[in-house]
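Encoded as structure tokens, the structure appears first; notes follow it.
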Amino acid sequence: MNVIKLIAVGDIFLKTRNNKYPFERVQKLFENKDILFGNLETVLSTEGKEKEKAVPLYISPEKVKYLKEVDFDVLNLANNHIMDLGIEGFNKTLEVLIKNNLKFIGVSNKKQKNYLIIEKQGMKIGFIAYTQFGETFFEENIRINKLKLKNIVGDIEFIKHKCDFIIVSLHWGIEKVFYPSPKQVKFAHRLIDAGATIILGHLPHVIQGIEKYKNGLIGYSLGNFNFEFNPKECIGPQDKRTNQSIILFLEIDENGLRNYSIIPVKIDKDFVPYVLSEREKEEILDFVFKISQPIVKKQMKENKWFEEISEEYLYGNMEAWIIRIKNHGIKHFLQCIRWLVSPFV
């Protein structure tokens, strides 16, 4: 029986210290893959109007060589940083990827629907992607796919007759918290019910739980992969684990998801992910099991979830607002006030 080996990793910035190759310590893990997926969390340009935010992400387009060398097959671009250099940076990123024969999902600067179908081992795998920060610029024909249940279910219906299995990439959730909301869990279940096989999540910059649901698999957040992090966040009782990640190894045969495994990795001081010792692997695997249990056992009710996320959500966002106000002035102070009185906060 033919089997597709799909490998999925989390957030990629392509920035490293000391001019390190970002994948040098994990590249051997990808040698026998059929499809390699990652979330490209940066603009591949240094030109354009920088967005007024706390941490805009962009990098020299020549860094695309790293993605090409490791041979990524699918890159998600539907995220909250793809417009960090405006329309010019957006278009440059797509131009650079297309020029280097790198496939992407989640965004488009053309009028047709944005999806990708890859054929391997006699099977067709469909990829679609969405972000809670999605938007459309009609005059420029630019679309960043918005995380909206009705639209995603419609897209699954649209492509499931064109392929054998569907992978959905979702950029969603709350940064630096270890649990998806009960609404996210229901959302993910609905997509599996509609015909998705695997859901790959990102945005929180930390690992979240993994759930086997019916015949599908949901990785709520794969965490950072090659990404800048603050070492002070990763020590002591308040360890946010932003330097920890997982690589998902998935096997798909003609009946669907056949098997999966998790390879834990950490990010070193140069922002390069690396394979761990057996003891360190076990610690992260135990952590993934621990944070998965409230999802699997349906114990994460809304009130409990708010208790889990409230401190990190409020303090993390206030830090970002302070940076924005200092850098960009009174307009962002007024936006902060509006945020503070919003129903969710």
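Past 22 Å, Cα to Cα: identify those pairs from LYS28/LYS212; LYS124/LYS298; LYS99/LYS269; LYS186/LYS214; LYS110/LYS176; LYS232/LYS269, in the order given. Spell out each step's value before the answer.
Working: LYS28/LYS212 27 Å; LYS124/LYS298 33 Å; LYS99/LYS269 32 Å; LYS186/LYS214 13 Å; LYS110/LYS176 34 Å; LYS232/LYS269 12 Å.
Cα-Cα > 22 Å for LYS28/LYS212; LYS124/LYS298; LYS99/LYS269; LYS110/LYS176; rest within.
Only Lys, Arg, Asp and Glu carry charge here, each on its Cβ (+1 for the first two, -1 for the last two); on that basis the stretch 124-237 has a dipole of about 420 debye about its Cα centre. A Cβ-based charge dipole, computed about the Cα centre of the stretch 243-345 with Lys and Arg at +1 and Asp and Glu at -1, lands at about 600 debye. Amide hydrogen proximity for ILE166: with H placed 1.01 Å from N in the peptide plane, the residues at 5 or more positions away or on another chain lying under 5 Å are GLY126, THR197, ILE198.
Rounded, prolate or oblate for the stretch 95-187? Axes are the square roots of the Cα gyration tensor eigenvalues, ordered a ≥ b ≥ c, and the cut-off for rounded is a/c under 1.5. Since a/c reaches 1.5 but b/c is at least a/b, the shape of the stretch 95-187 is classed as oblate. Using a simple spin-label model with pseudo-atoms 7 Å out from Cα toward Cβ, ASN255 and GLN121 lie 1.4 nm apart. Simple rule: put +1 on each Lys or Arg Cβ and -1 on each Asp or Glu Cβ in the stretch 192-273, find the dipole, and look at ILE262, ASN243, ILE192; the Cα lying farthest toward the positive end is ASN243. Solvent-accessible area per residue in the chain equals 48 Å², computed with a 1.4 angstrom probe and all protein chains kept.
Couplings 3J(HN,Hα) of the stretch 261-267, computed from phi: 9, 10, 10, x, 9, 10, 10 Hz, in residue order, whole Hz [Karplus 6.51 cos²θ - 1.76 cosθ + 1.60, θ = phi - 60°; x for Gly and Pro].
Once you keep just the Cα pairs under 8 angstrom separated by 6 or more residues, what percentage relative contact order results for the stretch 1-88?
Reported relative contact order: 35 percent.
Normalised by the number of residues in the chain, the mean separation of alpha-carbon contacts (under 8 Å, six or more apart) gives a relative contact order of 18 percent. Roughly what % of DSSP beta bridges within the chain run antiparallel, to the nearest 5? Just about 55 percent of them are antiparallel.
3J(HN,Hα) along the stretch 297-306: 8, 6, 9, 8, 7, 4, 4, 5, 4, 4 Hz, from the Karplus curve 6.51 cos²θ - 1.76 cosθ + 1.60 with θ = phi - 60°, whole Hz, x for Gly and Pro.
Legend: residues ARG338, ARG143, ARG258, ARG324, sorted from most to least accessible area (1.4 Å probe; ligands, DNA and RNA excluded), read ARG338, ARG258, ARG143, ARG324.
Dipole check for the chain: with +1 at the C-beta of Lys and Arg, -1 at the C-beta of Asp and Glu, and the Cα centre as origin, the magnitude is about 580 Debye. Taking only protein heavy atoms and a 1.4 Å probe, the accessible area of the stretch 1-82 is 41% carbon and sulfur. Taken one residue at a time, the phi angles of the stretch 215-232 give Karplus couplings (6.51, -1.76, 1.60, θ = phi - 60°) of 9, x, 9, 10, x, 5, 7, 8, x, 5, 10, 10, 8, 5, 9, 8, x, 5 Hz. Gly and Pro are set to x.
The values are calculated or read from the model by the stated rules, or taken from the named source; none is laboratory data. Only a predicted model underlies this, so the values are computations on that prediction, with no experimental measurement involved. Glycine also receives a Cβ, built like all others from the backbone with ideal geometry; neighbour counts cover every protein chain displayed. Just the protein is used for accessible areas: all its heavy atoms, side chains included, with ligands, DNA and RNA removed. Shrake-Rupley method; radii C 1.70, N 1.55, O 1.52, S 1.80 Å.
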